[in-house]
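Below is one structure; the comments refer to it alone.
The values are calculated or read from the model by the stated rules, or taken from the named source; none is laboratory data. What you see is a predicted model; the values in this text were computed from it and never measured. No Cβ is skipped: glycine too gets one built from the backbone with ideal geometry, and neighbour counts run over all protein chains shown. For accessibility, only protein heavy atoms count, side chains too; no ligands or nucleic acids. Shrake-Rupley method; radii C 1.70, N 1.55, O 1.52, S 1.80 Å.
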There are 2 protein chains.
Amino acid sequence: MSELKINHRLIMTPGPTMVDPRVSQAMSNQILGQFDPDFTQIMNDNMAMIRKSFHTKNQWAFPIDGTSRAGNEAIIGSIVKPGDSVLVPVFGRFGDLFVELAQRAGGRVTTMTADWGTVFDQDQIISEIKRLKPKVVAIVHGETSTGRLQPIDRLGKAIHEYGGFLVVDAVASYMGTPVEVDRWELDAVVGGAQKCLSIPSGITPITFNDRFAAEINQRKRVEQGVRTALDQSGSQFITSNYLDLTQLQDYWSPRRLNHHTEATVADYGLHEGLRLALHEGLPARFNRHLRVHQALNAGLTAMGLTIYHQGDHEMPMVTCVQIPDKLDGDAFRQSLLEQFGVEISSSFGSLQGKIWRIGTMGYSAQKGFILTFIALFGAALLQAGISVDLKAGLDATQAVFERPNAPVDSLVSTL
Amino acid sequence: MSELKINHRLIMTPGPTMVDPRVSQAMSNQILGQFDPDFTQIMNDNMAMIRKSFHTKNQWAFPIDGTSRAGNEAIIGSIVKPGDSVLVPVFGRFGDLFVELAQRAGGRVTTMTADWGTVFDQDQIISEIKRLKPKVVAIVHGETSTGRLQPIDRLGKAIHEYGGFLVVDAVASYMGTPVEVDRWELDAVVGGAQKCLSIPSGITPITFNDRFAAEINQRKRVEQGVRTALDQSGSQFITSNYLDLTQLQDYWSPRRLNHHTEATVADYGLHEGLRLALHEGLPARFNRHLRVHQALNAGLTAMGLTIYHQGDHEMPMVTCVQIPDKLDGDAFRQSLLEQFGVEISSSFGSLQGKIWRIGTMGYSAQKGFILTFIALFGAALLQAGISVDLKAGLDATQAVFERPNAPVDSLVSTL
């Protein structure tokens with residue numbers, strides 16, 4: 001077997017995204033033992049930075065040692081007992097994943113669906129919430145499969161009127177647009193690593209509040225082998241041990257109760273990724289994503305392409321573009337990758353073959369990459385016989401970058 | 001928040017162990033998309049190398065994106081349905097973990113126990129197997145909590161006479177001593193990353209055979225969102241989605257069905273770690289661990305310390321040494337770490353405060369580190385007022401390294 005040789009790529013997918021080289025450098029440090037005070041300090045730093053990243057005062061803010069769906073499963077598997085009612089508004093592939101996770105946890109799942117490419121009016125969801133009063137409402141914030149950003153700021157209030165819980169998958173939106181955990185009354189939220197945070201997949205920041213913690217701790221069962229006489233076992237314990245949030249609380253708190261062996265270098269990457277993001281400043285970071293998204297949209301439109309459901313609650317880090325008629329979208333993607341090292345994505349289900357998805361997340365959301373992408377993407381389209389106006393595309397992209405900065409506090413209202 | 005600054009350490013614990021710098025370098029490469037042909041080739045390489053590392057022809061040999069217990073849970077959670085009978089011979093803390101995982105999966109668990117510091121006679125286990133005929137027997141190979149290596153080569157045959165399944169936790173023994181999956185008839189096995197393979201925690205190589213695959217696929221349920229009309233759903237589906245081996249089979253095979261986002265840089269580390277190990281040669285690697293273990297034992301004994309249950313099925317990568325009378329073992333460990341940057345471990349349960357555990361795994365199992373460790377450990381003991389003969393310890397350690405190499409094929413019989 002020969003040594004790894006990683007070829008150059010310009011990754012413009014909705015994740016995994018390219019990693020900031022400073023993150024890779026941080027991750028190349030030698031490891032520390034998991035109970036080494038130097039390492040537990042890094043764990044504490046990460047908790048503090050995760051809190052800031054989620055705009056929350058929650059005590060519970062730590063990473064799961066697994067990819068994003070491990071974070072979703074940890075939350076759903078801990079809050080949903082067999083027989084519990086769960087409402088999932090589905091508007092894309094990752095809503096389906098919530099349905100799947102809740103069913104596997106034994107939940108009685110009700111869904112409501114919006115057409116792919118659209119989002120729900122929150123009033124529509126609220127009226128279903130008032131009717132069903134489900135224990136858990138699980139919703140996706142940024143649905144990468146369709147490129148939509150679902151407004152979720154008013155759901156928590158409606159759910160808390162009768163004592164339910166709001167669980168949010170913010171994997172793709174996290175660190176690219178505000179996820180206001182406290183202000184929006186989100187009870188448990190999953191962020192993503194390999195999306196706008198731009199660190200490698202394999203670790204997943206989550207947060208949940210004290211009311212959520214109190215609920216899941218009714219199921220607490222400290223495992224055999226580290227259990228003491230003081231540890232009561234709840235009934236209807238959580239099925240997973242690895243993704244049992246109540247045990248992870250003991251690991252991510254001064255008790256430091258032995259559980260898994262924390263994934264050291266993933267924590268290094270998380271530390272550096274969060275540090276860079278907070279140093280940039282969250283409002284500036286969110287504005288950068290929005291600006292890049294507008295520039296890419298303008299460039300693609302000026303080239304002559306059509307944006308899918310343009311202006312309709314687009315995620316400011318995913319651009320969905322219609323595949324030109326008579327072009328084989330997958331063959332084109334393959335050729336773009338083979339010839340120029342540029343990667344874009346297809347989509348799922350009914351959108352497969354209809355749209356390409358272009359991600360502008362974290363490290364990849366910068367002017368130089370966007371201009372390079374427009375140039376290479378346009379060139380590949382010309383090569384494939386699609387008539388596009390490459391110069392107009394580049395000019396329109398450039399023009400957005402040259403516009404004066406909008407005030408950062410105007411961000412939320414523009415979404 | 002300031003940048004990471006990782007202080008120098010000599011990690012001599014039974015995991016996580018120091019990482020070979022060549023592995024860290026491999027992991028600092030830029031990421032690739034998970035469906036990029038360059039990356040799926042790395043996935044295929046990893047499967048091929050995992051097969052070799054387990055001495056198996058199994059088709060199913062791939063990593064789990066989680067720490068070792070995620071691997072254990074993936075296997076137990078997939079094979080154990082509610083009501084299934086499970087036998088766990090327990091001789092330390094990680095046997096308890098199997099009990100816990102099997103109970104959470106709904107298994108009816110029977111245990112048999114050996115005193116801590118000892119292992120089972122295989123005939124004892126076999127007679128219990130014949131009496132109970134459990135669907136699953138789950139056993140630890142290398143029990144790091146007590147430093148014991150359990151012989152397991154004859155269990156598979158007894159279990160296969162009536163059609164049961166043998167599951168083995170080889171997390172700590174893997175890549176430090178033979179784990180002969182095919183010859184010993186092991187049905188499903190978990191290896192470790194942060195032990196003798198010496199790569200960072202967070203990814204876990206596993207393997208299972210076709211008979212095991214056929215059994216778990218009766219529970220198969222392709223998830224909503226990627227399910228097609230051709231996908232049947234089994235009854236009594238696996239509770240976890242993230243650790244559902246039947247879905248992971250679809251991801252780690254030509255179907256490449258979308259599941260999680262593979263942890264790219266963890267796969268890079270696995271690739272380099274396995275490549276280095278296979279390049280060294282497994283027999284040479286196993287002999288190296290044994291030689292280092294003998295050298296450390298000889299040195300500690302010559303210094304005047306007492307090895308815990310010396311010669312009684314010791315793991316050739318963990319040395320358990322009795323804490324000298326009247327010494328506070330944890331305070332000593334803390335001082336060793338603070339003054340010299342040397343880390344060793346305590347133990348669990350009844351052994352806490354009685355023994356220290358010193359690991360010599362993978363990258364840390366080399367002459368220079370062992371001599372340095374003896375020198376610093378002896379110096380710290382002298383400083384703590386414990387009278388040890390440091391020169392005798394160093395001489396005895398050195399002498400073992402100067403002995404001619406034993407023929408590599410003699411390895412297994414010396415264990």
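Summary table below
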quantity: One residue from A:Gln236, A:Gln232, A:Gln294 being touching a helix residue (DSSP H, G or I) at 6+ places or on another chain (Cβ under 7 Å), modelled with pLDDT under 95 and either crowded, with 20+ Cβ neighbours inside 10 Å or over 23 Å from A:Thr67 (Cα atoms) (or both); calculated: A:Gln236
quantity: Contacts under 6 angstrom Cβ, first residue in the stretch A:66-84 being under 13 Å from A:Val109 (Cβ atoms), partner small (Gly, Ala, Ser) and in a helix (DSSP H, G or I), 6 or more apart; calculated: A:Ile76/A:Ala102; A:Val80/A:Ala102
quantity: The stretch B:10-33: number of residues that are more than 7 Å from chain A (Cβ to nearest Cβ) and assigned to a helix (DSSP H, G or I); calculated: 3
quantity: Which numbered condition B:Gly362 misses (of (1) within 14 Å of another protein chain (Cβ to nearest Cβ); (2) open to solvent by 20 Å² or more (accessible area, probe 1.4 Å); (3) at positive phi); calculated: (2)
quantity: Residue pairs meeting the criteria (Cβ under 7 Å; at least 6 apart or on separate chains; first away from every other protein chain (no Cβ under 11 Å), in the stretch A:225-240; second modelled with pLDDT of 80 or more and open to solvent by less than 60 Å² (accessible area, probe 1.4 Å)); calculated: A:Asp231/A:Val222; A:Gly234/A:Arg219; A:Gly234/A:Lys220; A:Gly234/A:Arg221; A:Gln236/A:Lys81; A:Gln236/A:Arg219
quantity: Residue that is nearest to B:Ile11 (Cα to Cα), among those in the stretch B:202-224 that are open to solvent by 10 Å² or more (accessible area, probe 1.4 Å) and at the interface with chain A (Cβ under 10 Å from one of its Cβ atoms); calculated: B:Gly202
quantity: Those residues of the stretch A:55-92 which are facing another protein chain (nearest Cβ under 9 Å) and out of contact with any strand residue (DSSP E or B) (no Cβ under 7 Å at 6 or more places or on another chain), in sequence order; calculated: A:Asp65, A:Arg69, A:Glu73, A:Gly77
quantity: Index of the failed condition, B:His259 passing every other in (1) away from chain A (no Cβ under 13 Å); (2) more than 24 Å from A:Phe35 (Cβ to Cβ); (3) open to solvent by less than 40 Å² (accessible area, probe 1.4 Å); calculated: (1)
quantity: Hey, B:Phe348 among the aromatic types (Phe, Trp, Tyr) and touching a Gly at 6+ places or on another chain (Cβ under 8 Å) or not; calculated: yes
quantity: Unique residue being more than 21 Å from B:Ile216 (Cβ to Cβ) and touching a Leu at 6+ places or on another chain (Cβ under 9 Å) when the list is B:Leu132, B:Leu186, B:Leu155, B:Leu166; calculated: B:Leu132
quantity: Residue check for B:Met47: under 25 Å from the mean Cα position of the chain (by Cα) and closer than 30 Å to B:His293 by Cβ; calculated: no
quantity: Meets criteria (of a type in the set (D, E, K, R), on the phi > 0 side of the Ramachandran plot and in contact (Cβ under 8 Å) with a residue 24 or more places away in the chain) for B:Lys157; calculated: no
quantity: A:Leu274 at pLDDT 95 or above, assigned to a helix (DSSP H, G or I) and within 9 Å of chain B (Cβ to nearest Cβ); calculated: yes
quantity: Selection within the stretch A:45-54 - more than 7 Å from every other protein chain (Cβ to nearest Cβ), open to solvent by less than 40 Å² (accessible area, probe 1.4 Å) and part of a helix (DSSP H, G or I); calculated: A:Asn46, A:Met47, A:Ala48, A:Ile50, A:Ser53
quantity: Subset of the stretch A:112-153 [within 22 Å of A:Val179 (Cα to Cα), open to solvent by 20 Å² or more (accessible area, probe 1.4 Å) and among the polar types (S, T, N, Q)]; calculated: A:Thr118, A:Gln124
quantity: Meets criteria (touching a residue at least 60 places away in the same chain (Cβ under 8 Å), surrounded by fewer than 24 Cβ atoms within 10 Å (Cβ to Cβ) and over 18 Å from the mean Cα position of the chain (by Cα)) for B:Ile42; calculated: yes
quantity: Residue count for the stretch A:211-262, restricted to those that are among the acidic types (Asp, Glu) and within 23 Å of the chain's Cα centre (by Cα); calculated: 2
quantity: Yes/no for B:Ser201 being over 21 Å from B:Pro89 (Cα atoms) and either touching a helix residue (DSSP H, G or I) at 6+ places or on another chain (Cβ under 7 Å) or assigned to a helix (DSSP H, G or I) (or both); calculated: yes
quantity: Some residue of the stretch B:93-106 being more than 14 Å from every other protein chain (Cβ to nearest Cβ) and not β-branched (Val, Ile, Thr); calculated: no
quantity: Pair list, Cβ < 7 Å and 6+ apart or interchain, from the stretch B:330-343 residues that are more than 13 Å from chain A (Cβ to nearest Cβ) to residues that are part of a loop (DSSP other than H, G, I, E, B); calculated: B:Phe332/B:Ala384
